[in-house]
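To keep things clear, I will list the structure first and then write my remarks on it.
The values are calculated or read from the model by the stated rules, or taken from the named source; none is laboratory data. These numbers come from a predicted model, not from an experiment. Note: ideal-geometry Cβ built from the backbone for every residue, glycine included; neighbour counts use all protein chains shown. Quick note on the areas: whole protein, heavy atoms, side chains included, nothing else; ligands and nucleic acids left out. Shrake-Rupley method; radii C 1.70, N 1.55, O 1.52, S 1.80 Å.
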Amino acid sequence: MTGSKILVLGGGFGGVQAAIEARASLDASHEVTIVDRNRVPHLCGMNPLLIVGERDTDKAGRSLGRLANRGISYVEGNIDSIDTSGQKVVTSVGTLDYDYLVIALGAAYDWDAVPGASDAYSFYDFDYARHLRRRLSRIKRGRIVIAAAKPPYKCPPAPLETAMIINWWARKKGIRKDIDISVYIPEPGPLGVAGKEASMRVRAALDRRGIELVTAAGVTEVSPNGREASFANGSSTIADIIATIPVHKIPDTVAASDVANGKPWVPVNRETLETTTANVFAIGDVNVVPSGDFAIPKAGVFAAGQGVKVGEIIASRINGSAEPEPYDGLGFCFMAYSGGRSATVGGEFLAEGGPDTVLTEPTVSGMKSKERFERDWRSFKI
Ligand SMILES: Cc1cc2nc3c(=O)[nH]c(=O)nc-3n(C[C@H](O)[C@H](O)[C@H](O)COP(=O)(O)OP(=O)(O)OC[C@H]3O[C@@H](n4cnc5c(N)ncnc54)[C@H](O)[C@@H]3O)c2cc1C
């Protein structure tokens with residue numbers, strides 16, 4: 001009997017864990033392949049510390065080619081189209097067929113949605129983060145604005161965390177009294193997804209550090225010289241550095257396929273993460289899994305957890321073993337308050353009775369755990 005073909009689209013947090021988990025439970029007759037156009041993805045979670053020089057740019061990536069050691073084939077190429085009725089995927093390096101498909105293509109950025117944003121600063125991808133790092137290394141005084149456009153965006157704590165890290169770094173450099181830091185967010189309050197109490201505590205933490213927080217103020221435009229930002233509440237502000245969090249959207253290839261059904265993000269069965277097509281799964285930032293008044297946050301820990309679950313499900317179907325427990329929506333993100341202390345925020349997002357989440361205090365051991373997480377990511381443990 002010939003083996004099954006498991007095709008994983010995207011080698012980020014979700015895709016890698018789906019491939020590793022499926023591979024670990026299947027014999028060698030089955031093929032597990034990952035396709036990604038980017039051979040060396042970077043860990044975005046390092047960017048808030050990377051922009052202030054607290055992480056090395058040459059230690060922020062991992063090569064998908066190393067997955068060959070684990071019996072997983074890596075194909076470097078662009079995914080052009082997904083045909084679920086014909087069970088094939090067209091890529092820039094050829095057409096691949098499959099028996100099981102995992103779509104883990106993440107969220108794309110719509111830089112055009114906020115005029116001027118693409119020419120301003122950001123820390124939402126590696127190249128932008130490196131550019132901002134160079135700019136910050138030269139600043140001695142002035143105003144820094146971090147401005148998110150609209151939800152959902154990856155890692156909701158990231159704008160708040162980044163403001164606190166810049167505060168810590170500016171103090172360390174002795175320039176804090178000459179630097180103003182403001183965060184503009186589109187939501188009515190910070191970290192709403194983690195509940196009211198966590199939201200109030202983050203507000204207080206920003207306040208104590210002299211960081212201005214402006215809510216219900218998504219950025220709508222940045223002037224061509226990158227020095228003035230306008231917001232959805234009608235206000236505008238001038239700054240020396242404006243760093244935006246871009247509008248997130250479903251990748252075009254996924255939008256054009258029939259798995260999206262015209263929705264903004266791929267709807268999935270919340271227990272199995274399967275799309276409306278059998279044996280086609282969508283995991284991580286590309287999907288939407290409702291959780292109370294919100295959805296499971298777009299974060300690597302959830303993408304990785306969903307990858308593990310889908311890997312288990314595929315292996316159980318191929319091996320004819322019992323279907324695994326339903327997906328539980330469990331996950332914690334780190335939220336650094338400085339280069340030395342990190343909190344965690346998260347919990348069980350699919351708990352009966354609604355999301356059960358908690359924000360811990362920032363601690364030195366929290367930062368040690370964050371550093372371990374970064375090492376684990378580089379060695380494909382997460
Ligand atoms: C500043 C910042 C801080 C963050 N901090 C944290 C944190 O502390 N903790 C946390 O858990 N998460 C954090 N995140 C979020 C985390 O990075 C994402 O949620 C996570 O990467 C999503 O995983 P994914 O597998 O769904 O998609 P991704 O990791 O985005 O992977 C998608 C992959 O698909 C590939 N791809 C896309 N389209 C195509 C195509 N057409 N052809 C070929 N390849 C394609 C891409 O190259 C990419 O490698 C942070 C994000 C940012 C920006």
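Output the number of the condition that Ser182 fails; it satisfies all remaining conditions of (1) crowded, with 21+ Cβ neighbours inside 10 Å; (2) away from the ligand (no atom under 11 Å from the Cβ). Result: Ser182 fails condition (1) only.
Comparison of Ile314, Ile318 shows that the only residue that is surrounded by 24 or more Cβ atoms within 10 Å (Cβ to Cβ) and over 15 Å from the mean Cα position of the chain (by Cα) is Ile314.
One residue stands out in segment 283-301 among those that are near the ligand (Cβ under 7 Å from one of its atoms) and farther than 13 Å from Val102 by Cβ: the one that is surrounded by the most Cβ atoms within 10 Å (Cβ to Cβ), namely Asp285. Looking across segment 130-176 at every residue that is within 15 Å of the ligand (Cβ to nearest atom) and among the β-branched types (Val, Ile, Thr), the one that is nearest to Leu43 (Cα to Cα) is identified as Thr162. Apart from one condition, Val193 fits all of (1) modelled with pLDDT of 95 or more; (2) farther than 19 Å from Phe231 by Cα; (3) not small (Gly, Ala, Ser); the exception is (1). When Leu7 is tested against the conditions (1) in contact with a Ser or Thr (Cβ under 6 Å, 6 or more places away or on another chain); (2) open to solvent by less than 40 Å² (accessible area, probe 1.4 Å); (3) without any contact (Cβ under 8 Å) to a residue 40 or more places away in the chain, the lone failure is (3).
Of the strands (runs of 3 or more DSSP E) contained entirely in segment 1-105, those carrying at least 1 residues that are of a type outside the set (D, E, K, R) and near the ligand (Cβ under 10 Å from one of its atoms) fall at 5-9, 31-36, 73-76, 79-83, 88-91, 100-103. For segment 231-248, filtering for residues that are within 25 Å of Lys298 (Cβ to Cβ) and part of a loop (DSSP other than H, G, I, E, B) leaves 3.
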